[in-house]
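To start, the structure under review is shown below, and the notes come after it.
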Amino acid sequence: MGFLANIQIFEWLCIAGGYLAGSISAAILVCRLMGLSDPRLQGSKNPGATNVMRLHGKQAAIITLLGDVLKGVLPILLARWAGASYEVQILVGIAAFLGHLYPVYFGLKGGKGVATAYGVLFALDWRLGLACGVTWVAVFALKRISSLAALTAFLLLPLYSWLMNRSLLMTLACILVSSLIYWRHRSNIRQLLAGEE
């Protein structure tokens, strides 16, 4: 982790920008712009695509999903374009993911992070994004439970990272992301164990 001492000012700005971009809630903005009810007040009260889908249908959910993915992708691409190192790009991705979970604009109360995490993965190493995506689709096709599909995909993410990427920092980042996704899905986990999901 000695590279932290060598991070330049513009790279710190990229990391801060990643967090601020991640803090933008696609679910809340989409629902406001479309004249729909606030997803934080109904259903699971989670500002994410799944809850928007339950409350307001496919169109709003798809736009929300794309917005959440893009805010994981774009900060990393911009940091790469600006010349940030791969290690800093990983930190930018973590910052965007944390912004989604704990958004500065919405009282640090955000979503569960799955879509934004996928955006980060595809931007950093498309193979990891694809591996997790295929896992999600396979589990969902078998069980038809979105949370179970996500939990399975991110349980395997650190293993995928080590096998495909071989970067210790990237694998540690994947462990952090997976752990936080499990923490944010703890109510879903309880429901799954009780057979109620």
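Every read-out reported here was derived from the displayed coordinates using simple, explicitly stated rules and does not represent laboratory data. On a predicted model such as this, the values are computed, not experimentally measured, just so you know. Cβ: placed from backbone, ideal geometry, glycine included. Neighbour counts: every protein chain shown.
A few comments on the model shown:
- Here is the list for segment 48-123: trypsin sites (Lys or Arg not before Pro) lying in DSSP coil, each with at most 15 other C-beta atoms within 10 angstrom of its C-beta, are Lys109.
- Amide H within-cut-off set for His185, under 5 Å, with H built and near neighbours excluded: none
- Taking trypsin sites (Lys or Arg not before Pro) across segment 133-197, the ones in a DSSP loop with at most 11 further Cβ atoms lying within 10 angstrom of their Cβ are Arg144, Arg166.
- Most positive-pole-ward Cα, Leu124, Ser23, Asn165, against dipole of the chain from beta carbon charges: Ser23
- Compactness of segment 106-184 as Cα Rg over 2.2 N^0.38 Å, two decimals: 1.06
- When the chain is treated as a Gaussian network with alpha carbon springs shorter than 10 Å, the biggest mean-square fluctuation among Ser179, Ser25, Ser187 belongs to Ser187.
- Whole-angstrom gap from segment 124-197 to segment 99-119, using each part's C-alpha centre: 16
- Over segment 1-143, the hull volume per residue, using the convex hull of the C-alpha atoms, is 118 Å³.
- Screening the chain for whole DSSP H helices of 30 Å or more along their axis (Cα) with average Kyte-Doolittle hydropathy at least 0.0 returns 58-81.
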